[in-house]
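The values are calculated or read from the model by the stated rules, or taken from the named source; none is laboratory data. These figures come from a predicted structure and were not determined experimentally. All Cβ positions, even for glycine, are placed from backbone atoms using ideal geometry, and neighbour counts span all protein chains on display.
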Amino acid sequence: MGRALPAARQTLSYPRDVELLDAFESSGYDSTPLLVVRHAEAVKRATWDGAERTRPLKREGQRQAARLVPLLSAYGVSRVVSSDATRCVDTVEPYVDASGAELVLDQALAQETAEPGALKERVADLLRRAEPTALCTHRPLLAAVFEAAGADLVGLMPAETVVLHHRDGRVVDCEQHAA
């Protein structure tokens, strides 16, 4: 596409057509997706007797996780970076199993162990990669993830996803997908 846009621009004679081409060029068409996934619906804290880190998905959360498979597939996600909490791992596991994507468990994305500096560096690292990646974390960490990405905060319900289209380490566009 590198030479196609300048060639197309030279053939245009109407200012509106040039504006449309400019808008397309500044969009996320030539970008890498980073999918930010809030873990699927988990068993309520108040009803779980085990360690917080081991709290599993509810049956509806398992269905939500299965519905993420086509979405992550559509973006060609080849690497999934997730909190090591059971509810996050179980959210992305159906996709990892179906696709063979690499799964990286990262305590920087875990609610109980996240530190602001480490989380910020992890997000910056993911934005420098040219590999379609999904990141799965917890609601309380979403504000820090979006801030680190330089993107507006987006409230997500369980299993909802925001696609951050990035180029050269910065977000150029984003879109939100329901669970």
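When Asp168 is tested against (1) under 22 Å from Arg55 (Cα atoms); (2) out of contact with any strand residue (DSSP E or B) (no Cβ under 9 Å at 6 or more places or on another chain), exactly one condition is not met: (1).
Among Val92, Val162, which is the only one that is in contact with an Asp or Glu (Cβ under 8 Å, 6 or more places away or on another chain) and under 19 Å from Glu41 (Cβ atoms)?
Numbers: Val92 fails: in contact with an Asp or Glu (Cβ under 8 Å, 6 or more places away or on another chain).
Being in contact with an Asp or Glu (Cβ under 8 Å, 6 or more places away or on another chain) and under 19 Å from Glu41 (Cβ atoms) holds for just one of Val92, Val162, which is Val162.
Out of the stretch 100-114, which residues are under 19 Å from Ala66 (Cβ atoms) and touching a strand residue (DSSP E or B) at 6+ places or on another chain (Cβ under 9 Å)?
Narrowing the stretch 100-114 to residues under 19 Å from Ala66 (Cβ atoms): 100-101, 103.
Correct list: Ala101, Leu103.
Let's see how each residue does on (1) closer than 22 Å to Asp125 by Cβ; (2) surrounded by fewer than 15 Cβ atoms within 10 Å (Cβ to Cβ); (3) among the charged types (D, E, K, R); (4) touching a residue at least 12 places away in the same chain (Cβ under 8 Å):
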residue: Pro140; (1), (2), (3), (4): yes, yes, no, yes
residue: Val145; (1), (2), (3), (4): yes, no, no, yes
residue: Leu156; (1), (2), (3), (4): yes, no, no, yes
residue: Val162; (1), (2), (3), (4): yes, no, no, yes
residue: Asp173; (1), (2), (3), (4): yes, no, yes, yes
residue: Gln176; (1), (2), (3), (4): no, yes, no, yes
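Here the condition is being modelled with pLDDT of 95 or more and of a type outside the set (A, V, I, L, M, F, W, C); of Arg63, Arg45, Arg3, it holds for Arg63 alone. Counted as qualifying within the stretch 62-179 are the strands (runs of 3 or more DSSP E) with 2 or more residues that are within 16 Å of Arg38 (Cβ to Cβ), namely 79-82, 133-137, 161-167, 170-177. Taking the listed residues Leu105, Leu127, Leu109, the one that is touching a Gly at 6+ places or on another chain (Cβ under 7 Å) and either modelled with pLDDT of 95 or more or surrounded by 13 or more Cβ atoms within 10 Å (Cβ to Cβ) (or both) is Leu127, with no other qualifying.
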